[in-house]
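Have a look at the structure below, then the notes.
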Amino acid sequence: MAFYVHSLRVQVFKRFLPERGGMTCKVVRLINRDRSVLLHISGHLQEVHIEMIDELLAKETDPVALDLGELTLADREAVRFLATLDARGVGLRNCPWFIREWMRKL
């Protein structure tokens, strides 16, 4: 199984978080040979990132999943967003147990 890597260290983060002087989460787009797309999300997912990730998902025409294996923290709105994606059938791979537990309690 081979993936093509497209880094999305998007300047969008700077637009949302100029006062913090840095990026709190990173999104990397991976494309498998079968054309399925995996968005690898790492770091601290916050409400300000939801719109950008939702826009990325909306642009995809092939099956897409999120890899959350390196997600270290998520705020309440981000967890609600992930729960909505899960209900819509977007795959949440390697979702940390604390995120799954919080999603279950919503």
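Worth a mention:
- As a summary of the residue check, residue 65 satisfies the conditions (1) in a helix (DSSP H, G or I); (2) modelled with pLDDT of 95 or more except for the one numbered (1).
- Region 57-76 residues that are closer than 13 Å to residue 36 by Cα, paired with ones that are of a type in the set (Asp, Glu) (beta carbon under 9 Å, 6 or more apart): 62/34; 63/34
- Filtering 35, 29 for residues that are more than 19 Å from residue 77 (Cα to Cα), part of a strand (DSSP E or B) and either basic (Lys, Arg) or modelled with pLDDT under 85 (or both) leaves a single hit, 29.
- Residue 89 passes every criterion in (1) in a helix (DSSP H, G or I); (2) out of contact with any strand residue (DSSP E or B) (no Cβ under 9 Å at 6 or more places or on another chain) apart from (1).
- So residue 80, is it assigned to a helix (DSSP H, G or I), touching a residue at least 24 places away in the same chain (Cβ under 8 Å), farther than 15 Å from residue 25 by Cβ and more than 11 Å from the chain's Cα centre (by Cα): yes
The values are calculated or read from the model by the stated rules, or taken from the named source; none is laboratory data. Keep in mind that this is a model prediction, so the values were computed, not measured. Every residue, glycine among them, receives a Cβ derived from its backbone with ideal geometry; neighbour counts consider all protein chains shown.
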